[in-house]
Each structure stands twice: as C-alpha cells, then as structure tokens.
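Below is one structure; the comments refer to it alone.
The values are calculated or read from the model by the stated rules, or taken from the named source; none is laboratory data. What you see is a predicted model; the values in this text were computed from it and never measured. Reconstructed Cβ throughout: ideal geometry from the backbone, glycine too, with neighbour counts over all protein chains shown. Ligands, DNA and RNA are stripped out before the accessible areas are found, and what is left, the full protein with its side chains, is counted by its heavy atoms. Shrake-Rupley method; radii C 1.70, N 1.55, O 1.52, S 1.80 Å.
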Amino acid sequence: MTVGPVLQDVRVLDRSTGIAGPYCTKLLADAGADVVKVEHGAGDPLRTHGSGALFEFLNASKRAVTDDESLLASAHVLICNEPPTDDEVDRARPDLVVVTITPFGRSGPWVGRPWTEFTLQAACGSTGNRGLPERPPLSAGGRIGEWVAGTYAALAALAAGREARRSGRGEDVDVAILDCMAVTMTTYPSVFASFFGWPPLAGTARSIQLPSIEPSSDGCVVFTANSAQQFQDFLVLMERPDLLDDHELAMVGKRFARRAEFIDAVRAYTRSKTSAELLDTAAAFRIPAAPVLDAPGVLAFEHFADRDVFVPSPSGRFVQPRVPYRIAGFAPRPFAPAPERGAHDGAVEWARTPAPDPAPDDVWELPLHGVRVVDLTAWWAGPSATLALAALGADVVKVESVARPDQMRLAGTRHPPADDWWEWGPIFHGANLAKRDVTLDLGSPDGLELLRQLIDGADVLIENFTPRVIDHFGLDFDSLRARNPRLIMVRMPAFGLDGPWRDRNGFAQTMEAVSGLAWRTGFEDELPTLVLGVCDPLAGAHTAFATMLALDARARTGEGMLVESVMVESALNVAAEAIVEYGAGAPAPGRQGNRGPDAAPQGVYPGSAFDSWVALAIETDAQWDALVTVVGSPEWAADPALRTAEGRRTHHDMLDKHLGVWTSERRAEEVVASLSAAGVPAEVVIAARDALHNPQLRERGLFENEDHPVTGSHPVPTLPFRFAHVTGWLRAPSPTLGQHNDEVLGALGLDADALAALRERDVIGERLVGA
C-alpha cells in the first residue's frame, strides 16, 4: 500500500534565496512539506540566472507570496538567510524551528565578511588541497559548498522538527556554509596532521590522486585505488606487474613525488584502450572506475537511462534528477511548476492549529534519543550518515570483523608492527564518533546469527555493500522484516539496487566522474580534475535525511520499510545546474580553471611568500571600484571597458597579469585584510589542514576534542550546524575495534564463557587477525 508523502502536514516558510536555502526547502517539499516561498522586493535573484532552469529545479512544488505576516504564526519551520526579529519570534508558535543559513554563521569574528563560494573554498582548505605544484591551486567547479549546506540544513530542520513535535519546544538552528564546506570538501586533513604531530609544511601541499582521471583513446576514465589491494590490482590491470615490487609506489607520498614517471606509465596503457575496454577490465578486477562525463554524457549514460534517474521538469523545458532516495510505501510529492513571484498572494490559508504545550527546558532531548541503529557501513559515505544519526542521539552499533575491518582503519598514520596501528586512521576517527563497535565474522554461522539478533532489536539497519553482498549473506529485507516487522532497512548502493551498474563498486571519485562534477573542475588545457571527497559526506547527509523521514513514516504506520538512498543520485542532484541548464538549451559548461560564470576578475594570485596565494572574486561594480581603490587606482584599471562585468570578463587575461604583479609584492594575509576591509571577497588559500586554526571555525566550535584511549586527545570536526539546545555534538570518541563486544553481545544473553569461545575462533575479537 502506498500512502501520501511523509511531511504532508508540515508547513515551511522559505525566506531564503540562492542555492543553499532553496535546496533545503526543495528536499522538504519533495518529502511532502507545504513550502511557501517568500520574496520581498525584487525577489530571488536566481529567477534571472541563466535560462531560469536552476530556479525552476530548486523551487518546483512550492507556493510563492510576497508577504508572510499572516503565515508565520502557523508555520512549523522557517528557513531564512537572516534570523527573524524578536517580535516575529513572539508571534510564532512555541514549537517553530528556525533554520538560518549564512556564509559564516550568526556569531564570530567573520560575520559580515564579504564572500563568494570561490573565496569560501579557499578559506576552508579545499582550493589549497587540489592541483599540481607546477600550477596554481585549483578551485572546484560549480557552487558545491552551497548545495552541501542546503543538504545539512534540511537534515537539521528535520531533526529539530522531530524533537519540537515531541517536546513542544522549537529550535534555533544556525547553519554556516563555511562549516559545511570545511567538513566535506577536505578529508580530515587537520586530524591527519594532529596524528602525525603537526610536521612542518611549506606552502599548500596540494596534490592529485594517482591514479586519477586518465585519458583513453576516446575520452577519459577515472580509476580509484583507495586501498593497498586496489592499487596492486591496478598495476596488474595496466599490465605492469613488474611494479608490484616497487615499494615506493605503494606509498601515496612517494608515488606523488614520482608522479611524472608513474603518470607516463599509466597513460601509455590507458591511451591504447577505449573507455569501454578500460571500464570492463576495471570491473573484472573489482577496481572502482567510471567514465568522466559532461552534461550531455550524463544524460545519455546507460545506467541512468535504465533506472529512469532523470524525469521531466514540471515545465517540460528540461529533464532533471529525481529525488535521490526511495522510501517503500511512500510516494514522493508530485512535481508542480515553480511559481511566479507572488503567485499565491492571498491564497495560502493555514489554519492556526494549536501548538503543544512546551515542556520544561530540562525535558528537551536529542532528536534521535532512544533510536537503535545497526551500522554495516564502511569507508566514508555510510559512516558519515551514521555519524550524523549518532550525534543527533541515536545508539549506533558499528559492526566490523577482526579479518575485515572498516578499511578506513587501515588508512592511518601508523603501520605494522606498531602497537594498535589500526586505531590510527584519521578518517575512521572523524566519521565514527559516538558509536559503539562490535566485531562479528559474518562468514561463520554464529557471527551471522548474532548479527540477526542485533537487527531483531534495532529500529534501523544501514548498509553500503554492493547489493550482491547482502543477498549472499541472506540479509534481504523480507527475511529481516519477518523477524522484526518494525525494522527500517536503509541501503546505500553506489549506483542503485538495479540497473546495469548495480554491482559495481563506487567511491566519491566515481560519483564525481559520472555526475559531471569532475568535468567542470580543472584548467581548460588539462584533463578534468577530481573535486576530492565531497560526494561521500554528501551521500551520508542525504541518507541521514532519508532515514529520519522513514522514522517519521513509521510513526504513522507502525511498520518498517525499505529505504534506497543512492550515492550517485545525491551527486546528480548537486550537479543539477549544468544538467538542467544544458537541457534548457544552454551550452554544456566546461572547465574554466579558477574563473567562473558569476565573477570577473576571479582567480588565485601569488603572494610574496613561497607558495602563498590569494583568492579573490569580483561580482559587482561596487566591488570592482573598491578593488581599484585598494590597489592604488593604477592606470591600467582606468580603462572605461572595465566599468562593466562584461568588459572585465573580456579583459580577464590582462587583469590577471596586473593583479598577479600587485599581489606578488605583498604578503597574502595583508592583501586579504585590505581587500576584505574594503568589501571585496578575498581569502588566503590555506593548506587544508590549517582550517583548524581559522578563527571563525574555532569560535563556532566546529572542532571538538576527541579523548581516545589509544590515540589520546585530538581536535576533530563535528556536525556543521548548531542547535541552541546543544553545546557540542561530540558525545563519545570513536570506538576501538570490538570495544563494546562484551557490552553489546552480553545484552543478547551471552555469558563470559560463550564470549571466550567466540574469541577463540575469531568470530569476535579486539585485535586484527595476525596482529
């Protein structure tokens, strides 16, 4: 039986503009919420951006008004870029959830600082992490950070709304785009640095992965070798087994130092094969690989066509990515065209339903308090989903084994024969805070039965295996539901539960390639460049959102359900701008290096110190005037053609030359201080690890100290939003391997003798086999 959308009784006022806020409310509208877009004055500037397709995509299925004074008192959620006034709060329901999305958050030394997505990428460490030392640091194409912020804002809104319904107390949610970018657009570089003892670093230390995006005879293919086994298999794939004995190449840093030699060897092989031949061979070796696609290629990709991933837009002008998750038994809200400004003035009638009596402050609980989650995920995407659930109050039990632990444990800063070397994986620490951990050998009948017993008592099971693995273990949803009718099973396949790519491995790199994100990143005269990492936590945030929707749905029906949250489809939603604009008739966007469609000049310019850089972007004529004043009103800036954005874009090469000379005579920090004070968006391009020292991030408490029994005390990033009721998200450190075996399995009825017998056979354990 299919019932109505999950959030059909939720009323949302959307006062936001741009991408982040509207994507947040799109996610809520897709789940059934009645979203009313409020546009004062000239309205959302995105209406006139490009062909208007992006505005349509973000604002379908919403209503639009120009005044919400009569609606605020009946709204459950308010999404905004500026917080409501005290008077408005007094008139609102006591259980109103207010989500404010700003570049830097609502407090701290950087509030009010000029910004663009481009300068935030520099400030969070993303730009400084990407590219080759021979060329300037490289920003990621598209406004990825704003999409990520919208996803986290929707997750926060849903979580806060859940507790507001229970307690009758609303929540003030503070979402900073910079925070969201700092935890997703780099891969825990400060935790790596802290584990290594903060070794000296010159410059930004930018790099690319090897192998990465490689040329074929007819296009480009990305290969992913995240694990030692995958890299060894890749050497065999490229017909160079002789390199298996070159132990330097097995080390990421040494390989990058020998990059010219290694790249030549790789491309001697890949250029002799077609993309299809390379992909088929990679699939045979179980090496994650994918074609690198532009917008037309994305729309034509066979797997997406087979799964009907793209659906007609409500206006019929283009096709767009569908909602990136499916909840069995609950239909998504039917699409309706994006409204004209003020189209529903006077037509929105929200009855003033009584709000619950607010509970005392000390009765407020974390939104997922009491929810039990069994976590069968590994790497980063899945663990980032359960990380969010754990921070929000769920009891998450992570399941590994002593023979096959989460591979992120092995990507560490210590190696055999060091004691407990598998406990030094920075990504594992960052993505597994506040979870409990058990080890179970699922290849043994006893281990598999104990897992089934854990699932019997769970509210949620989350896994991110390829679909065939779950089938092999007999853990299909129907079998599990027969034992636990209230179970919500959340599956996170890379490419989906069906289709021709169903059983292929997928990592962030493959998602970037097939979604078009990588195609837009890089210099025009080079191959596309990987964004690096963002698709993992992005998929995790979408999955956490879908999981909480399923919990709300179960509260209505009393029955469990299957949820499919597809990694690549969350990436496609974030890559939607290029796809929908191309579908509406615009040229397919390509790579522009550090330039962009909305600012000129925009670029990364050298400072006087070694490998120091300034990122600046001019979006308005007023910012141009301020830039000219700061640089001393030189003769080259007096050309009348530079008074317009079109003229500045035409003369971008000349501007880059002169600005580069000016910045190279000054310290990058001094340049940024002068420009920022004058209202010009500019930031120092920092080494990724130095985001830890950013005064704004520190003031907001993004990093909290993890006190771990093996690694000691180190700062780690936490959830990138703040609740007024929560002083910090880190409730416990990441677990050691099998740390909670006795506690969790003892609760299933196993006594000390039974546990000892399981340890003797390595069904459970607290050390890796052979360590």
Exercise for review: Please list, in chain and number order, the residues 5+ apart from LYS398 or on another chain whose amide H is under 5 Å from its amide H, with Hs placed from the backbone.
Suggested key: ASP375, ARG436, ASP437, VAL438
Practice item. Over the residues of region 423-481, compute the C-alpha Rg and express it relative to 2.2 N^0.38 Å. Key: 1.28
Study note, to complete from the structure: Heavy-atom accessible area of ARG341, protein chains in place, probe 1.4 angstrom, given in Å² to nearest 10, is 100
Check your understanding: Which order, highest average first, do 525-538, 269-282 follow once you tally other Cβ atoms within 10 Å for each residue and take the mean per peptide?
Key -> 525-538, 269-282
Review point. Between ASP90 and ARG649, what FRET efficiency follows from the Cβ-Cβ distance if R0 is 56 Å, with the result rounded to 0.05?
Key: 0.75
Practice item. For a quick protection proxy, order the peptides 693-705, 470-482 by their average other-Cβ count within 10 Å, most packed first. Key: 693-705, 470-482
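Output the Kirkwood hydrodynamic radius of region 32-183, Cα pairs only, in Å rounded to one decimal. Each step should come with its number before you reach the end.
Details: mean 1/r = 0.0576 Å⁻¹.
Radius from the Kirkwood sum: 17.4 Å.
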Check your understanding: Accessible area per residue, 1.4 Å probe, Å², for the chain: what's the number?
Key -> 37
Check your understanding: Ignoring ligands and nucleic acids, what accessible area does ASP441 show with a 1.4 Å probe (Å², nearest 10)?
Key -> 50
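For the chain, return all DSSP H helices satisfying: extent of Cα atoms along own axis at least 24 Å; mean Kyte-Doolittle hydropathy at least 0.0.
Working: long enough: 144-167 (35 Å, 0.22); 535-557 (32 Å, 0.34).
Flagged H segments are 144-167, 535-557.
D for region 141-266, whole µm²/s, Stokes-Einstein with Kirkwood Rh over alpha-carbon pairs at 25 °C and 0.890 mPa s: what number?
132
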**Study point:** In order through region 91-100: 3J(HN,Hα) via Karplus (6.51 cos²θ - 1.76 cosθ + 1.60), integer Hz, x for Gly, Pro
**Key:** 8, 7, 5, x, 9, 5, 9, 10, 10, 9
Practice item. Specify, per residue and in Å³, the volume enclosed by the convex hull of the alpha carbon atoms belonging to region 1-71. Key: 80
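Out of all Cα-Cα pairs in region 266-408, roughly what percent, to the nearest whole number, are more than 19 Å apart?
Numbers: 7864 of 10153 pairs.
It works out to 77 percent of all Cα pairs.
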Practice item. Restricting things to alpha carbons, find the Rg to Rh ratio for the chain using the Kirkwood radius for Rh. Key: 0.95
Review point. On the accessible surface of the chain, probed at 1.4 Å, how many percent belong to carbon and sulfur atoms?
Key: 51
Study note, to complete from the structure: Largest-first semi-axes in Å of the equivalent ellipsoid built from the Cα gyration tensor of region 420-579 are 31, 20, 15
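When the helix-only estimate is applied to the chain (DSSP H runs of n ≥ 4, each -39,500 (n - 2.57), divided by the residue count), what is the mean residue ellipticity at 222 nm, nearest 500 deg cm²/dmol? Display every interim value, and only then the final one.
On the way: 29 runs with 271 residues, N = 771.
When only DSSP H runs of four or more count, the value is -10000 deg cm²/dmol.
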Review point. For region 623-771, how big is the tail of P(r) above 26 Å, as a whole percent of Cα pairs?
Key: 59
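Once you wrap a convex hull around the alpha carbon atoms of region 222-307, what is its projected area averaged over all directions, in nm²? Kindly include the intermediate steps, with their values, before the conclusion.
Details: hull surface 25.9 nm².
Mean projected area of the Cα convex hull: 6.5 nm².
First measure r as the distance between the Cβ atoms of ASP598 and ARG258, then evaluate 1/(1 + (r/R0)^6) with R0 = 35 Å and state the FRET efficiency to the nearest 0.05.
Numbers: r = 39 Å, r/R0 = 1.11.
Computed FRET efficiency for ASP598 and ARG258: 0.35.
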**Study point:** Base-10 log of normalised Debye intensity for region 123-190 (one unit scatterer per alpha-carbon) at q = 0.12, 0.23 Å⁻¹
**Key:** -0.44, -0.97
Point to revise | Relative counts (whole %) of C-alpha pair distances in region 611-674, using bins that are 5 Å wide | key: 3, 16, 31, 28, 15, 6, 1
